[in-house]
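Here is the structure we will look at.
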Amino acid sequence: MATERYNAREVEARWQKVWNDKDVFVTHNDDPREKYYVLEMFPYPSGRIHMGHVRNYAMGDVVARYKRAKGFNVLHPMGWDAFGMPAENAAMQNNVHPKDWTYENIAAMREQLKIMGLSLDWSREFATCDVDYYTQQQRLFLKFLDSDLVYRKNAKVNWDPVDMTVLANEQVIDGRGWRSGALVEQRELTQWFFKISDYSEDLLDAIDSLDRWPDKVRLMQKNWIGRSEGLRVRFEFAEAAPTGDTTLEIFTTRPDTLFGASFMGLSPDHPISDKLAETNAELKTFIEECRRVGTSEEAIEKAEKKGIDTGLRVKHPLDSSIELPVYVANFILMDYGTGAIFACPAHDQRDLDFARKYNLPVKPVVLPKDADANSFDVGTEAYTDEGTIFNSDFLDGLSIPDAKEAIAKKLETNTVEGTPQGERQINYRLRDWGISRQRYWGCPIPVIHCDACGVVPEKDENLPVQLPDDINFDKPGNPLDRHPTWRETTCPSCGKPAKRETDTMDTFVDSSWYFARFTAPGCDQPTDPEAANGWLAVDQYIGGVEHAILHLLYSRFFTRAMQKVGAVDLKEPFKGLFTQGMVTHETYRLGEGNAASWVSPAEIRIEDNEGTRRATLVDTGEEVKIGSIEKMSKSKKNTVDPTDIIDTYGADTARWFMLSDSPPERDVIWTEDGVQGAWRFVQRVWRLIGDIAEKSEPRGGAAPDVSGKALDLRRASHKTLAAVSIDLENLGFNRAVAKLYELVNTISKTTSEGLDDAGKAYAVREAADYLVQMMAPMMPHLAEQCWHVLGHDNLISEAKWPTADEALLAEDSVTYPIQINGKRRGELTISKEASKDEVEAATLALDFVQRTLEGKSPKKLIVVPQRIVNVVV
RNA sequence: GCGGGCGUGGUGGAAUUGGUAGACACAAGGGACUUAAAAUCCCUCGGCCCUAGGCUGUACGGGUUCGAGUCCCGUCGCCCGCACCA
């Protein structure tokens, strides 16, 4: 073996330096070529990159390098989603300043990303905590405020009375604060909101135009926005409620079941519930209990249906002789509709569970198709499917949609206290976006509270409202609140002393427009519209599916809002979206039961005895239990550090392994064997290319006429080229990898048979060039080195993607599988041009077909051109 | 609870979207080379039947079709999301 072993570490560093010195990946806005914007979701600077980043950025880099080779002017930037709670947690735990902690983490992670060899334009890098970035974000906020896209209202938050802080839902565990353990209270705070609900309809309708998004994400967004058509109905109280209300307004999507009404339900957060609780201790306790369940829809829906009769009664809107009891019930959300419902237990599962528990009437009003009106009864399962209305006065015999229409018409004309009793309404589940966070490490909301003028926006020329550096976390609460001077300012309107808003923005705001900022990162306005409109939308966005709803929906809203204030001129920020799967790994546990502890892969050794795997601790030899495969996480210690892998095998091996085998949208299992397989492939390619470079000359001039093995190889490499190009276009990395393995096998075979004639030498050389070019987006360093060895004097990173020769792709014959009664019994190779008749004749002439037919003619003969033949006997 | 997804050899997965199931890779077993190991190369590898060859096989049970891993109905199992984590 003439060639030396491939030294990834040395080679990778060398090419990275060449790329960097030559500014190969720096993008210019005035480049006249067609643009292509590829973006991976930017990372939170936790301090170290993890395998999930490697996978995400490897995929994006393949797209970027491939599109560059295809002649596009590619924008492929990187930045940092740098505000957020972890920096404050670190500040509290380790007494470091959030700013120092964050920028140190960024520096460390930048170096780690650089050794991955990503083709990024680092000149556009920024962090969202850069003063420059959040200055522009404040400017955007003020423009939104000016355009009526922002407002203030009260909203409930989880309040930790010991830490004196607002808690995220995930920080509330069993009703207690995660850090203090104190019982969490619900508090009302005045908070800032973006009017995303103004765009409910538009955000929903435009989902259909996002045809390069995964269906799954589109559906999740549709459900999230949650459009429903229904009726707002006012029920008259038999006696006025203690709030003075004489009617109870509810929203329903099933007005057709109104005659099946059995009781009314109020949310525990409904104003009437609140008022009643003042004089009703039992109800008060119940409401408090409900609030401890948590605010998530899941928790509320799963909880046992419970309620308390308020003693209030309402009149049925269509039959005033019927009075319905009003309950406060734990399964009714205040945020949806009016916070009050009428319940029809026969046709709603939640209502039914409740009715059975409290022995309330269950009157069916929808009759299934084949059921008998006299005997149809609902047991423990509500009937929610189609049917005919019965037991319902003037609605009897109607279909559900017709009954809905009839009820709506009737109630629209009825009046209660001079206003219509019913009103058609389209309701959305989507709520306005609360952006206030009572925290330090975020973008300050640039408004001022003045005793005389109220809430006043900061003047544009006074921006930025900069975070103070001299803060500490030794006391509970928000450091901005207790800073000795930071709050003190003067009112931009009247000039008198006033106080700054101390809330900062949700970090989702930061990530809702960073993609636009990358198009002109130094601009003294939020965007340079010319640059932004030129580059946007992002052609391919890649990231985790965990962002399927919030980040993506907020960004879609933000783009519309930015359009309204003239910062960009488009609605949809991401034309193509791809959500990659997670990186998982086996888990290992030492000990049994409660005493068991997690052990990291680095601490163990695995032995494989005839397929039985056994793990032991490297240090002590103790047996370790091999557990299930889980998402890599610190808590389960099943992480593998990318930098360790890159140190050992190089970035190309890590990238290649992340892209092989598993489809990119699915989870991938990290295994040591898998990495080693990738590593062996790197070495194998290196040997093969070295061998070819030694035994043959670079190609010159036009392709010679070849035949036999040489022609076969040319066909194979051109076919692979065509197929891999399609795979890369579709982000089918695992399929591309498999085809490249196949091509290497083919080239190896041909090369090992000797490169005696010129045709063969040409074919092998061509195949080698193509192989290396196809590999280049995935393993750029190895490809660059091989390209050099093969005698090219340009950079493969700047080389044009080759085009497959159509003539070599066309086969002159086709092999048909021949089925008899749908089962494959043989095959037939025949000219590609053969007519259907010729194929039929040739099929019938086949030995095994003749044998089966025994002289008879087939019942049916199906010929699918270029595909298959089926003989039915 | 509601909504969605997935289920193919020992393993990860291919399958031109209704047309030869198991490409490619990993693991395993056997062999070559080697003083030995590593590396490399060659062979076997869904199950069953003694072979030629055949039967069977894509979670399970039905159906549509000339033909189903792919479409439809039902069952089972696993996974994900559900509004202050980013």
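Below 16 Å, Cα to Cα, which lysines can A:Lys719 reach? Residues fewer than 8 away in the same chain don't count.
Within the straight-line limit of under 16 Å, A:Lys719 reaches these lysines: A:Lys709, A:Lys739.
What lysines could a cross-link reach from A:Lys636, if we take a straight Cα to Cα line under 17 Å and drop same-chain neighbours fewer than 8 places away?
Straight-line reach from A:Lys636, under 17 Å: A:Lys625.
Between A:Glu672 and A:Arg605, what is the label-point separation in nm under the 7 Å Cα-to-beta-carbon projection?
0.9 nm
Most exposed first by the Cβ proxy, i.e. fewest other Cβ within 10 Å, how do A:Arg735, A:Arg560, A:Arg666 rank?
A:Arg666, A:Arg735, A:Arg560
Enter the angle in degrees (range 0 to 90, nearest 10) between the Cα long axis of helix A:8-21 and the first principal axis of the Cα atoms of chain A, meaning the one along which they spread out most.
So the inclination is approximately 70 degrees.
Please give me, ordered by residue number, the GluC sites (Glu not before Pro) of segment A:556-659 that lie in loop per DSSP and have at most 16 other Cβ atoms within 10 Å.
A:Glu592, A:Glu610, A:Glu622
Where in segment A:808-835 does the amide nitrogen come within less than 11 Å of the point 7 Å from the Cα of A:Phe848, taken along Cα to Cβ?
A:817-820, A:823-828
Counting only helical runs of four or more DSSP H residues, what would the 222 nm mean residue ellipticity of chain A come to if each run contributes -39,500 (n - 2.57) and the total is spread over all its residues?
-11000 deg cm²/dmol
Give me the percent of Cα-Cα pairs in segment A:690-769 that sit more than 22 Å apart, rounded to a whole number.
25 percent
Give, in nm to one decimal, the length gained when the segment between A:Asp641 and A:Arg614 is fully stretched (0.36 nm per residue of separation minus the Cα-Cα distance).
That pair, A:Asp641 and A:Arg614, stretches by 7.5 nm at full extension.
Using r as the Cβ-Cβ distance of A:Val131 and A:Arg14, and R0 as 51 Å, what FRET efficiency do you calculate, to the nearest 0.05?
For A:Val131 and A:Arg14, the calculated efficiency is 0.85.
Please report how far the C-alpha centroid of segment A:811-873 lies from that of segment A:600-653, rounded to the nearest whole angstrom.
53 Å
In whole Hz and in residue order, list the ³J(HN,Hα) couplings for segment A:525-533 that follow from phi through the Karplus curve 6.51 cos²θ - 1.76 cosθ + 1.60, θ = phi - 60°; x for Gly and Pro.
10, x, 9, 9, x, 5, 5, 5, 5
Inverting the mean 1/r over all pairs of different Cα atoms, compute the Kirkwood radius of chain A and quote it in Å.
On the way: mean 1/r = 0.0306 Å⁻¹.
Kirkwood radius, chain A: 32.7 Å.
What does segment A:1-96 give for Rg and for Dmax, in Å, if only its C-alpha atoms count?
Every Cα atom of segment A:1-96 included, Rg and Dmax give 18.2, 59 Å.
If you line up the long axis of helix A:215-225 against the longest principal axis of chain A, both from Cα atoms, how many degrees apart are they, to the nearest 10?
10 degrees
What list do you get for A:Glu840, A:Glu827, A:Glu40 if you sort them by fewest beta carbons within 10 Å?
The fewest-first ordering by Cβ neighbours comes to A:Glu827, A:Glu840, A:Glu40.
List the aspartates and glutamates whose Cα sits under 14 Å from the Cα of A:Lys99, skipping any in the same chain fewer than 8 residues away.
Result set, ordered by chain and number: A:Asp81, A:Glu88, A:Asp130, A:Asp469, A:Asp470.
Do the alpha carbons of any pairs in A:Lys836/A:Lys859; A:Lys315/A:Lys357; A:Lys305/A:Lys409; A:Lys143/A:Lys564; A:Lys302/A:Lys357 sit beyond 21 Å of each other, and which pairs?
Among A:Lys836/A:Lys859; A:Lys315/A:Lys357; A:Lys305/A:Lys409; A:Lys143/A:Lys564; A:Lys302/A:Lys357, the Cα-Cα distance tops 21 Å for A:Lys315/A:Lys357; A:Lys305/A:Lys409.
Give me the angle, in degrees from 0 to 90, between the Cα long axis of helix A:131-146 and the longest principal axis of the Cα atoms of chain A, rounded to the nearest 10.
Around 50 degrees separate the two axes.
Would you please give the FRET efficiency between A:Arg5 and A:Asp524, computed as 1/(1 + (r/R0)^6) with r the Cβ-Cβ distance and R0 = 60 Å, to the nearest 0.05?
Numbers: r = 53 Å, r/R0 = 0.88.
E between A:Arg5 and A:Asp524, to the nearest 0.05, is 0.70.
For the pair A:Asp812 and A:Gln466, how long in nm is the line joining their label points, each one 7 Å along Cα→Cβ?
Output for this residue pair reads 7.7 nm.
Mind scanning A:Lys369/A:Lys404; A:Lys70/A:Lys760; A:Lys156/A:Lys275; A:Lys823/A:Lys860 and naming the pairs with a C-alpha gap bigger than 21 Å? Mind showing how you got there, number by number?
Values: A:Lys369/A:Lys404 18 Å; A:Lys70/A:Lys760 28 Å; A:Lys156/A:Lys275 17 Å; A:Lys823/A:Lys860 14 Å.
Pairs exceeding 21 Å: A:Lys70/A:Lys760.
To the nearest 0.05, what FRET efficiency results for A:Glu833 and A:Ile868 with a Förster distance of 22 Å applied to their C-beta separation?
For R0 = 22 Å, the calculated efficiency reads 0.80.
When a footprinting reagent is the concern and you count Cβ atoms within 10 Å, what order do A:Glu784, A:Glu546 take, fewest first?
If I rank by nearby Cβ atoms, fewest first, I get A:Glu546, A:Glu784.
For chain A, give the magnitude of the charge dipole about the Cα centre (Cβ charges: +1 Lys/Arg, -1 Asp/Glu; no others), in debye to the nearest 20. Working shown, then result.
Details: 105 positive and 137 negative charges, 190 e Å.
For chain A, the charge dipole is close to 920 debye.
Given labels modelled 7 Å from the Cα in the Cβ direction, how far is it in nm from A:Glu298 to A:His28?
5.1 nm
By average Cβ neighbour count within 10 Å, what is the ranking of A:412-421, A:761-770, A:331-340 from highest down?
Sorting A:412-421, A:761-770, A:331-340 by mean packing, highest first, produces A:761-770, A:331-340, A:412-421.
With a sphere of radius 14 Å drawn around the Cβ of A:Arg487, what net charge do the other residues whose Cβ falls strictly inside it have (Lys, Arg +1; Asp, Glu -1)? Please list the in-between numbers first.
On the way: positive: A:Arg482, A:Lys499, A:Arg500; negative: A:Asp451, A:Glu458, A:Asp470, A:Asp481, A:Glu488, A:Glu501, A:Asp503.
That sum, taken over residues with Cβ under 14 Å, equals -4.
Each reported figure results from applying straightforward, stated rules to the coordinates on display, with no laboratory input. This one's a predicted model, so the numbers in the text were calculated from it and none came from an experiment. Because the Cβ atoms are built from the backbone with ideal geometry, glycine has one as well, and the counts that use them run over all protein chains shown.
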